[in-house]
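The values are calculated or read from the model by the stated rules, or taken from the named source; none is laboratory data. Keep in mind that this is a model prediction, so the values were computed, not measured. With ideal geometry, Cβ positions are generated from the backbone for all residues, glycine too; neighbour counts draw on all protein chains shown. These area figures cover heavy atoms from the full protein model, side chains too; ligands, DNA and RNA do not enter into them. Shrake-Rupley method; radii C 1.70, N 1.55, O 1.52, S 1.80 Å.
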Amino acid sequence: IYTDPAKRLELYFRPKDPYCHPVCANRFPTSTMLLKVRRRTKKKQQLDTEEQIQPEVQFEMEILGIVTTVYKFQGMSDFQYLAMHSGPDGKQTSMYDKVLMLKPEKEEFFNRELPLYIPPPIFSRLDTPVDYFYRPDIQHREGYNNPQVSGENLIGLSRARRPHNAIFVNFDDEEIPTKPLDAAVQTWKKVCTNPVDKKVEEELRKLFEVRPVWSRNAVKANISVHPDKLKLLLPYLAYYMLTGPWRSLWVRFGYDPRKHPEAKIYQVLDFRIRCGMKYGYAPNDMPVKAKRSTYNYSLPITVKKQVSHTVSVHDLKQGLGTSGASGTKKPASSRYKLKESIYIFREGALPPYRQMFYQLCDLNVESLQKIIHRNDGTESECTERDGWCLPKTSDDLRDTMSVMIKQIIRSTRPALFSNTTSSEDGKEQLPYESGEDEDDEEEEEEDFKPSDGSENEMETEILDYV
């Protein structure tokens, strides 16, 4: 615990009781001394039995060292839960000998009739008293009627809406927007006050002229713009697709990819690196490490993370969005740019994250492009699952990319594949597993952060605008 400043020290009053809730101590820095005190008592000889002589007491102190860290237990120590049962007469009966299996038991132990005992699934995240400030009842004027509750506002958002004013479009929507919302225009004009912002706006316009559909990470790799300003600029020039083959992508206003077969190359591919012993390597053996792990999830015994500084509109007006704070080494032209590997897949290179959202045109491998263009000129219908491509095209792409990644891992760690067998033609055959059924959704790395909290990039991007 001491080696990790984010951990809290746990104290169990009943260490052998699995239902014992620990008391957590917070870590504090200090500058105190550790003293060793000895108390010596020297008894004097008693000459007269009627007269009592007080013993002589001496104290010796020695400084052993300096203490720099202390742990203080400030939580509620009586926050406990016992395996007890209340009888009809109110008498409490212990159930530890009935619910705890301390040794191998016979079948009779499991077939006994016991009173219902359900332990709490989780304890409160708080161990200190909290004051609740309830709102007083609102006194309306006479004649006021509460608004009718509909299905749209029955369950509201847990926080206030962010004023980014993005337009969301589903694959089933008949019309697509041709211009941004007035609020989005006003918000961008309010923030765009310096020449650098004007330049960034023109650069993004040129990107949408060359290519009408972009992912946010691809934009970040081509333009150096502060993420908070990009959240305001994208809704000004494009709308966001929620479902279909172009989900999680930004589309230029007035362009409908469902009506243009050439938009096939802009479709999205949700690719996740397959890991497991059936593929020859375990998750811990992968060169692409996951930033998050369930093994590190220790809430609520960890210290609360510091909240990052939020950039206000005033900060953006002052040029923080592009000129940045002082002391940074990178030039303004590339300070916020991401690496090309964030959105381009190349042969012989591993993806930076275990889950990637690629556009088909960014798969820079000849064999993958052949799969994509198998039906060029014969596209007849745009479907929600496959778009303008042939059915199962995404599955074929994932299988081919998985073979490439396995070959890369084989070359870097050949010991992992000492027992791997190959098929008759010499090519690795991987069992089919759709990326949509994969449970691993890790997608962050230390080099650059495409999202700010969510494990799913599409979910994070939606939350940025809702």
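Whenever you get a sec, compute what percent of the accessible area on the range 1-115 sits on carbon and sulfur atoms (1.4 Å probe). Before the final figure, lay out each step's value.
Working: 5310 of 9800 Å².
Answer for the range 1-115: carbon and sulfur cover 54 percent of the accessible area.
Taken along its principal axes, the alpha carbon cloud of the range 5-99 reaches lengths of 69, 46, 20 Å, longest axis first.
Anything over 30 Å Cα to Cα? Flag those among LYS189/LYS264; LYS199/LYS370; LYS231/LYS259; LYS103/LYS278, in the order listed.
Working: LYS189/LYS264 34 Å; LYS199/LYS370 37 Å; LYS231/LYS259 27 Å; LYS103/LYS278 36 Å.
Cα-Cα > 30 Å for LYS189/LYS264; LYS199/LYS370; LYS103/LYS278; rest within.
In the range 1-27, which residues have a backbone nitrogen under 20 Å from the label point lying 7 Å from THR68's Cα in the Cα-to-Cβ direction? Label zone hits: 1-9, 26-27.
Spacing of the modelled spin labels on HIS140 and SER86, each 7 Å from Cα toward Cβ, amounts to 4.0 nm.
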